[in-house]
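Chemist: Shown below is the structure under consideration.
The values are calculated or read from the model by the stated rules, or taken from the named source; none is laboratory data. Computed from a prediction, not measured in an experiment: that's the story for all the values here. We place every Cβ from the backbone using ideal geometry, glycine too, and count neighbours over all the protein chains shown. Keep in mind that these areas ignore ligands, DNA and RNA; they rest on the heavy atoms of the full protein, side chains included. Shrake-Rupley method; radii C 1.70, N 1.55, O 1.52, S 1.80 Å.
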Amino acid sequence: MEKYLKPALLCGLWSCGLLWFFPQAGNALLYVIGGTIVAGAIWPQARLMLWRCALAMLYAVCMALVFHLLADHFELRYVWLYSGPDLPPYLKVSNLWGGDEGTTLLLASVCMTIALRNASFPAWTGRANGLVAAWYVITAAWLGPFSSTPADLLAARVSQGMNAHLQTVWMAFHAPLVLAAYAWAMAPAGAALDALAGKASAYRYVAFHYGRYAWLVLTAGIGFGMAWALEDFTFGQLWHWDPVQTSVFAVWALLGAVLHGARRWSPEGPNRRLLPALSLLLAALACLAMAITRSQMLASSHRYAGALSWASHLGLAGVFIAALLWRLWQSGSLPAVEREKPPASRRTLDLAVGLFACVALLACGALLKAYAYAWLKVEKPTDLMPFFETLTTWTSPEELTELRQAFERWDIDGYAIGKALLPVLGLLGLVGGFAFLQKCLTTRAAALATFLASLAIGFVLWHGGWLSGGYAGEGVLSQRIVAVLPWLDAALISGIFLLGACLIWGAMSLWRSRKSGNFGYALGIVLVHCGAVIGLTGGLSATVMNSYSSITLPPSVTLDEWQRLSADLQVRVHPYLSKQDGQGYRAIANVELEMGDKVLRGHALFRDDRDLPPGYQGAVRQLCEVMDYRYARHAGDRGYVLHPFIVRGWFQDLQIWVPASSRLMHGGNAQDGAYDETESVIVVRRYPLVSLVWIGLAAMVAGMALLIGRARAAARRYLRPSR
């Protein structure tokens, strides 16, 4: 393979230099790269040489686009659309995945990296990843990342600039991690096709190896996205079943199903068809998730403006589904395999695979339902349109039509999917707890403990538990969720049972590992499962027991007076007009919190590049923006964003939202009398135990990283077949 390194390096350097001096050649070069990859898939003898050169050129294309972003070459349409001269360098680089063209190009590069790694495998295992990469290279060429900016756009303004909501450090991590996870989720598709055909296949190695990477990176990406969502006024909460969030969750759950079964898969085993079929469904689901991100049909806080690649993602998903159906039809003629009754531990894992797959299917069902209702133009119920009735009582007639359209667009019914998932989560906890106890106790003792946990679950379903008793009605929680609070308590009891069983097994395994050398594996398993329970506890606690309070300051009240929120908390706001930083933000309010004997100070950050509509500064409207992401998206645009002052703690997080009223924007000293009657609003939101979410996610990522680090050499030795 070393003999191909020099020509590949020369191809990469030549491509990068060409696109720096002649960027208009970039789109044509992408078509050449796509053809080179297809040629390598057809001719195995030349595959390594062709694919190494193609990968080097792809890396060079990405680097050239990054250089153009850093150099502010706005004569390129992509740079003009998504970047700006005042952005810091890390955000300019982040714009490589800030637009549809760059995202598709980066996805193709990751897929091609995987393809080269698997190039020596026979049949579809060796060629499928390359064909997927070629699909996305040609899609990127069609989108045209190196097209020139029309002269009229350049004459109108220097650049359109980066969407204000993307101008955060989380942009540098969340998007590329999720993108890489999708590429790794598609990696086992070719091996799954070979496994379904009954051929000697590397499916177990490929599915287990890339599944671990995909799950690790996707979990980290979801964590960064949750931190981002909690700070963004169009979210303001950890999770709300946005269509894109729902599709990511479905991919994550199906990855969990594959990982629980892939390590024990064999061509003669009972799951010889089920797991490869799930891997092909996973690849299709990853494509569908990317298509949903770019779809305009449903209301969503994730959107690639003007994105066209949804058809490409949807088409590739169709290819994966068609390949699965073709292989399943062919596999009916394969000779039957004599099956022995699997041991109890294997049956428990099989049940876990089924439950994780059920979770993914429930999420997919919610997505399908939303798209069907939107396509059939079914009227949206009023209970799925929070704040709408409040807003219609005072909005102007001109705005009412747009407001109604914004709220009537279908999105995911989060209440329905949450209610459907809770029993499955409860079963997962019981099954997982039984599986761990069965490994370190007798089957009878494990069954007895599981029965007692089931009784505890039945008790909280009847009488309620911690969340039911702790709910005080002070937060943003629909009565439809309040009605299922006992089910949330049941999910917590199930999770605690899983946590306890995992800790017992972990303690015994760690003790035994002194001699067996199995310490890393046991610790990784404990961290993953315990982290999931800890994160679930924190997420449910923050969602159910969150609270908010708002203070409306009439014109007669001075902005810098102390306002009491509770017996131990006061807040005051000083107008603070600062210069814009490199991201275009400015601090409009200096916030002070008095908590007992302690005073905390910070800034509320604001950015607005638009002309405000009449009546925008109304206090009710400001409150609705902070509390409901649908309305915030309706009232705002790509140039408006508000970040709160956040006080993080072990037991709760406090957020102080200070919308940009005219008094604050003018330092409290407006010269125009029109500002004399302006009210200001301050919103304080509390999220209890949200720190457990970050602890749980960190534990899950650390555990999977530990498992991957320990298993890399072992996977090559035991799982990879001889060639």
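Chemist: Looking at the range 555-578, which of the residues that are in a loop (DSSP other than H, G, I, E, B) and of a type in the set (D, E, K, R) is least open to solvent (accessible area, probe 1.4 Å)?
Modeler: D560
Chemist: Sort out which residues of the range 533-554 are assigned to a loop (DSSP other than H, G, I, E, B), open to solvent by 40 Å² or more (accessible area, probe 1.4 Å) and closer than 30 Å to G703 by Cα, and write them in order of number.
Modeler: If the condition is that a residue be assigned to a loop (DSSP other than H, G, I, E, B), open to solvent by 40 Å² or more (accessible area, probe 1.4 Å) and closer than 30 Å to G703 by Cα, then M545 is the only one that fits.
Chemist: Also, I was wondering about something else. What are the residue pairs meeting all of these: first residue in the range 83-96, first residue surrounded by fewer than 22 Cβ atoms within 10 Å (Cβ to Cβ), second residue of a type in the set (V, I, T), Cβ atoms under 6 Å, and 6 or more apart or on different chains?
Modeler: Short answer, once both residue conditions are applied: V93/V66.
Chemist: Please count how many residues of the range 437-458 are closer than 18 Å to S509 by Cβ, polar (S, T, N, Q) and open to solvent by less than 50 Å² (accessible area, probe 1.4 Å).
Modeler: Total meeting the criteria: 1.
Residue-wise test of (1) modelled with pLDDT of 80 or more; (2) over 30 Å from S300 (Cα atoms).
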site: V557; (1), (2): no, yes
site: D560; (1), (2): no, yes
site: P575; (1), (2): no, yes
site: G582; (1), (2): no, no
site: E594; (1), (2): yes, yes
site: R607; (1), (2): no, no
site: V647; (1), (2): yes, no
site: L654; (1), (2): yes, no
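Chemist: Of all residues in the range 26-40, which are under 12 Å from L65 (Cα atoms) and open to solvent by 10 Å² or more (accessible area, probe 1.4 Å)?
Modeler: Across the range 26-40, the qualifying residue is only N27.
Chemist: For the range 686-708: of the residues being touching a Leu at 6+ places or on another chain (Cβ under 8 Å), closer than 21 Å to Q655 by Cβ and of a type in the set (A, V, I, L, M), which is surrounded by the fewest Cβ atoms within 10 Å (Cβ to Cβ)?
Modeler: V690
Chemist: Among V258, V248, which is the only one that is in a helix (DSSP H, G or I) and open to solvent by 10 Å² or more (accessible area, probe 1.4 Å)?
Modeler: On inspection, the qualifying residue turns out to be V248.
Chemist: Does the range 85-98 hold any residues that are of a type outside the set (D, E, K, R) and either more than 26 Å from the chain's Cα centre (by Cα) or in a helix (DSSP H, G or I) (or both), and which are they?
Modeler: Scanning the range 85-98 gives P85, P89, Y90, L91, V93, S94.
Chemist: Quick one: would you say H73 is surrounded by fewer than 21 Cβ atoms within 10 Å (Cβ to Cβ) and either over 28 Å from the mean Cα position of the chain (by Cα) or within 16 Å of F21 (Cβ to Cβ) (or both)?
Modeler: The answer is yes for H73.
Chemist: Take the residues of the range 206-215 that are crowded, with 24+ Cβ neighbours inside 10 Å and among the hydrophobic types (A, V, I, L, M, F, W, C): which is nearest to N118 (Cα to Cα)?
Modeler: The extreme case among them is V206.
Chemist: Does L216 fit the bill of being under 24 Å from the mean Cα position of the chain (by Cα) and at pLDDT 90 or above?
Modeler: Spelling it out, L216 is indeed under 24 Å from the mean Cα position of the chain (by Cα) and at pLDDT 90 or above.
Chemist: Can I ask one more? Could you tell me which of the residues M57, M49, M63 is more than 27 Å from D194 (Cα to Cα) and over 28 Å from the mean Cα position of the chain (by Cα)?
Modeler: The conditions single out M57.
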